[in-house]
Amino acid sequence: MSLISSEQSAGEITAIFDELKTLTDEPYKKLKSEIDAKLSKKYGILPGDLRPWHYEDRFFQEAPNTGTIDMDKYFKGKSIEKLAGVFYNGIGLPVDEILKKSDLYGREGKYQHAFSTDIDRLGDVRTMQSIVDNKNWMSTMLHELGHGVYSLNVRRDLPFILRIESHIFTTEAIAMLMERQVNNADWLVEMAGISQKEKEIIRKEGRENRRMQALIFSRWTQVMMRFEKSMYENPDQNLNKLWWDLVEEYQMITPPEGRNAPDWAAKIHLSQSPAYYHNYELGELMASQLQSYIAKNILNQEDASEVCFANRPEVGRFLREKIFSPGAELRWDVLIEKATGESLSSKYFAEEYVK
């Protein structure tokens, strides 16, 4: 019911995830062995003795910290909201009104998460954050304002019910597309003022970090999607075993010996947002497809993995006209095909992070 009401089907989602699995199997296996070698050295144990708790993130949905660059220093003492404002204004998607109405700084007792919300579908868009001058909050600000500019630029002449994003994952795609810029070396030169020497160091390590994170998250979403699908198909099966079987198959993590507990239930989305989690990965795939199209067709740049949007208003114009403006008038698959000339595919994700 959740899938049908969001204009999706189990068949089309599974087909996309099957394609993604095929494209990432070998690259992920190689990456995982490299991570295991570093972690086994760190903990003084054999790679075969690594267990879920050695991977820092409890679900292994995020990459372990193996980098050498302190990215926070580039944002220390800077105004995160002003940097974001300059960036979005520079691509022709001004966010001044959003920032003016938003709750941006932490205080005692404040809600701890970040989100963007469209109050009236007539232009009153706001974001809730608790900014600190570091890379994480720069990334979060770009992400939430990505949601914000989408909401702000949906056509106002549409009926109220259609005056929203085409799908929850299409707005997620825009937020992810914008968030990626914080790891782009050219963007950091333009927006954070890093030196050319630092730029080359960041370009090399940043690309590897992005690749690591993208591959790791893609395999984690395989576990979530396939667990939910199997759980709803057969809720009476041993769900504890199903969970760890999928973790072992897709993430290549050895389960704890003798463990038989509902560890799957620790992931809040399974109870609070059923049949939803796969949309995060669909957002990543769409972001890669859009990034490739923008690089090659809007900015005339072959290397889509290093495309910088700073001070390129043609990027904002494309997104406003082809993605934001139609609102929910177009089904998500029609929207993507009209905007990029192709249906949603994993191949651009693979081009960016696998090849």
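The values are calculated or read from the model by the stated rules, or taken from the named source; none is laboratory data. None of these values were measured; they are calculated from a predicted model. So basically every Cβ, Gly included, is an ideal-geometry build from the backbone, and we count neighbours across all protein chains shown.
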Considering only residues that are surrounded by fewer than 22 Cβ atoms within 10 Å (Cβ to Cβ) and under 14 Å from S116 (Cα atoms), look in the range 162-174 and name the one that is farthest from the chain's Cα centre (by Cα).
I164
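Let's see how each residue does on (1) surrounded by fewer than 21 Cβ atoms within 10 Å (Cβ to Cβ); (2) under 19 Å from P27 (Cβ atoms); (3) acidic (D, E):
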{"position": "M191", "(1), (2), (3)": "no, no, no"}
{"position": "R211", "(1), (2), (3)": "yes, yes, no"}
{"position": "N234", "(1), (2), (3)": "yes, no, no"}
{"position": "T254", "(1), (2), (3)": "yes, no, no"}
{"position": "K267", "(1), (2), (3)": "yes, no, no"}
Considering the range 318-332, residues that are touching a residue at least 40 places away in the same chain (Cβ under 8 Å) and of a type outside the set (A, V, I, L, M, F, W, C), and then whichever is nearest to P94 (Cα to Cα), we arrive at R320
I need the full set of residues from the range 136-167 which are touching a residue at least 40 places away in the same chain (Cβ under 8 Å), closer than 18 Å to E284 by Cβ and of a type in the set (S, T, N, Q), in order please.
S139, S166
Positions within the range 48-60 being outside any helix (DSSP H, G or I) and either exposed (fewer than 15 other Cβ atoms within 10 Å of the Cβ) or of a type outside the set (A, V, I, L, M, F, W, C) (or both), in sequence order:
R51, E56, D57, R58
Out of the residues in the range 334-355 meeting the condition of being within 28 Å of V95 (Cα to Cα) and either of a type in the set (D, E, K, R) or in contact with a Cys (Cβ under 8 Å, 6 or more places away or on another chain) (or both), tell me which one is surrounded by the fewest Cβ atoms within 10 Å (Cβ to Cβ).
K338
With the structure loaded, tell me whether S345 is within 22 Å of the chain's Cα centre (by Cα), assigned to a loop (DSSP other than H, G, I, E, B) and of a type outside the set (V, I, T) or whether it fails that test.
yes
Condition (residue is under 25 Å from R121 (Cα atoms) and in a helix (DSSP H, G or I)) applied to the range 292-313: is it met by at least one residue?
yes
Just checking, how many residues over the range 114-135 are without any contact (Cβ under 8 Å) to a residue 12 or more places away in the chain and either out of contact with any strand residue (DSSP E or B) (no Cβ under 8 Å at 6 or more places or on another chain) or buried (at least 21 other Cβ atoms within 10 Å of the Cβ) (or both)?
1
Candidates R219, R207, R226, filtered to the one that is at pLDDT below 95 and assigned to a helix (DSSP H, G or I)
R207
Condition test on S79, is it in contact with an Asp or Glu (Cβ under 9 Å, 6 or more places away or on another chain), modelled with pLDDT of 95 or more, polar (S, T, N, Q) and under 29 Å from I268 (Cα atoms)?
no
Unique residue being surrounded by fewer than 18 Cβ atoms within 10 Å (Cβ to Cβ), of a type in the set (V, I, T), out of contact with any Asp or Glu (no Cβ under 6 Å at 6 or more places or on another chain) and within 21 Å of E248 (Cα to Cα) when the list is I4, I35, I45:
I45
Out of the range 253-288, which residues are assigned to a helix (DSSP H, G or I) and either in contact (Cβ under 8 Å) with a residue 60 or more places away in the chain or at positive phi (or both)?
A266, H278, N279, Y280, E281, L282, G283, E284, L285, M286, A287, S288
Inside the range 168-194, the number of residues satisfying the requirement of being more than 13 Å from Y150 (Cα to Cα), in contact (Cβ under 8 Å) with a residue 24 or more places away in the chain and assigned to a helix (DSSP H, G or I) is 12
